[in-house]
Amino acid sequence: MSAKHIVLTGGAGYIGSLLVARLLRTGHHVTVIDNLLFGGESLLAFFSDPHFHFAKADVTERRSLRDSLPRHAPRPNAVIHLAGIVGFPACQAIGRQATWHYNVDAVRNIYEQAASLGVERFIYASTYSVYAPSDDGHPVNEESPLRPESLYAESKVAAEEYLLSRTDPAVVVFRLATVYGLSPRTRFDLVVNQFVLDAFTRRELLIYQRGYSRSFIHVLDVAQGLMLGLDSPLEKVRGQVYNLGSDDGNYTKDQIVAFIIKRLPEVIVEYKDLTFGGDKRDITVSFEKIRRELGFRAERTVDEGVRELVGALKTGLIRNPYDERYRNAHFIVQ
C-alpha cells in the first residue's frame, strides 16, 4: 500500500486520536485540523513523527483546510471529516443555527476546499440515529427511510444529502453505531462509558428507557472501519453508505447493565419509566452490507469494553473522569 497524505478534521478527539495512530503506523502522512476545544494532549505522542502535521483551526473558516496544509507537502489524497457537534443533548443546548453552522455548513466548506485541491475521496462520519425503528420490526439497513428524531440527526441527514449529491471528490459515508471504549481522548458521555463511570464512582445506576435496543461499536473498530473506507478501491466505495458496527453489537440496556454488574457486583440498579424527547434510538441495525462489501468484522465486544473501562478507572489511569474534557460536545463525531 503506497503512502498517502490524509487530512483528518477533529483529529484530537475520541475517534480521531486513535485513527491518527493507525494512519501513521501504516505509513501515511497525516495532517490534523482541530480547534482544541478540549485540549490536544491526545496528540502529543505524534509530534516527533515527521509524517505528522497539526494545525489549530476552525473547520467553519473559509480557508481552514487550505491554510492548514504543511508547506511543500503533496496534495491530500483524502479527507476524513470527524469534526462537528456531537449528540442530541449538545445540539439541543446550542440550538439549530449553531448546530447547522458546525454540522452542515462546515461540511460544505471542507468538501468544497477538498474539491478545489483535487482530493480523491471524502470520508464522512455520520450516525445511525438518522434512522427510526422499522415499521415491520426488522433491523434497519442503508436503504431504510431516514427519519431523524433529533436536531443532531437532522443535521447529519442534511450533511449526508449534500455530500451524496457530489461526485468529485468521491464520497463515502459511514453511519456509526454508538461508540464505547478507551482512547487517548476518552469520552464519558456515551452510553456504555457513562454507565461504567456511574457504576464505579457512585455504586449505583439509574436506567431510563429500559429494554431499548441500541447498536454499539468499540472505538478501535470504528478506526478499523474508517481505514477500510480509505483503502478500498475508489470505484467500489464511491457514493456508498455503510452502517458501521456489528450484528453482535446490538444490545438492550439491560444486557449492558449485566456486563457491568459482572465486574462491579455491589452496584445498585434502579429503573425509571421515563422517556426523553428527541433521540431515543430504540433501533436494531443491520451491518450486513459493510461485512459483505468491505469484509468488516468487529474484533471487540461490549463485555471487553466494560472490562477495560473498569480497569482504567480502578488503576487510576483516568484520575478525574468528571473533567469536562471527558464529556459534552467536542469537534469530533460520534
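The values are calculated or read from the model by the stated rules, or taken from the named source; none is laboratory data. What you see is a predicted model, and the numbers here were worked out from it, not measured in a lab. Don't worry about glycine lacking a Cβ; one is built from the backbone with ideal geometry, like all the others, and counts go over all protein chains shown.
Brief remarks follow.
- So Val179, is it buried (at least 22 other Cβ atoms within 10 Å of the Cβ) and under 30 Å from Ile268 (Cα atoms): yes
- Subset of the stretch 84-97 (residues that are part of a loop (DSSP other than H, G, I, E, B) and over 23 Å from Tyr131 (Cβ atoms)): Gly95
- Leading residue by the ranking (surrounded by the most Cβ atoms within 10 Å (Cβ to Cβ)) among those in the stretch 127-159 that are among the polar types (S, T, N, Q) and in contact with a Cys (Cβ under 9 Å, 6 or more places away or on another chain): Ser155
- Close contacts from the stretch 230-248, counting a first residue that is within 23 Å of Thr26 (Cα to Cα) and a second that is assigned to a loop (DSSP other than H, G, I, E, B) and not acidic (Asp, Glu), with Cβ to Cβ under 6 Å and a gap of 6+ residues or different chains, come to Gly245/Ala177; Gly245/Phe287.
- Restricting attention to the stretch 1-15, the residues being under 17 Å from Leu43 (Cβ atoms), of a type in the set (A, V, I, L, M, F, W, C) and outside any strand (DSSP E or B) number 2.
- Check on Pro184, touching an Asp or Glu at 6+ places or on another chain (Cβ under 7 Å) and assigned to a loop (DSSP other than H, G, I, E, B): no
- Spans of strands (runs of 3 or more DSSP E) in the stretch 193-267 with at least 3 residues surrounded by fewer than 20 Cβ atoms within 10 Å (Cβ to Cβ) and not β-branched (Val, Ile, Thr): 204-208
- Residues satisfying the criterion are present in the stretch 22-30 (criterion: part of a helix (DSSP H, G or I), aliphatic (A, V, I, L, M) and either modelled with pLDDT of 95 or more or touching a strand residue (DSSP E or B) at 6+ places or on another chain (Cβ under 6 Å) (or both)).
- Residues located in the stretch 160-172, provided they are part of a loop (DSSP other than H, G, I, E, B) and either among the basic types (Lys, Arg) or crowded, with 18+ Cβ neighbours inside 10 Å (or both): Arg166, Pro169
- Enumeration of residues in the stretch 61-80 that are free of Cβ contacts under 8 Å to residues at least 60 places away in the same chain, touching a helix residue (DSSP H, G or I) at 6+ places or on another chain (Cβ under 6 Å) and surrounded by fewer than 16 Cβ atoms within 10 Å (Cβ to Cβ): Arg66
- Just one of (1) farther than 14 Å from Leu230 by Cβ; (2) among the hydrophobic types (A, V, I, L, M, F, W, C); (3) touching a helix residue (DSSP H, G or I) at 6+ places or on another chain (Cβ under 8 Å); (4) in contact (Cβ under 8 Å) with a residue 40 or more places away in the chain fails for Leu37. It is (3).
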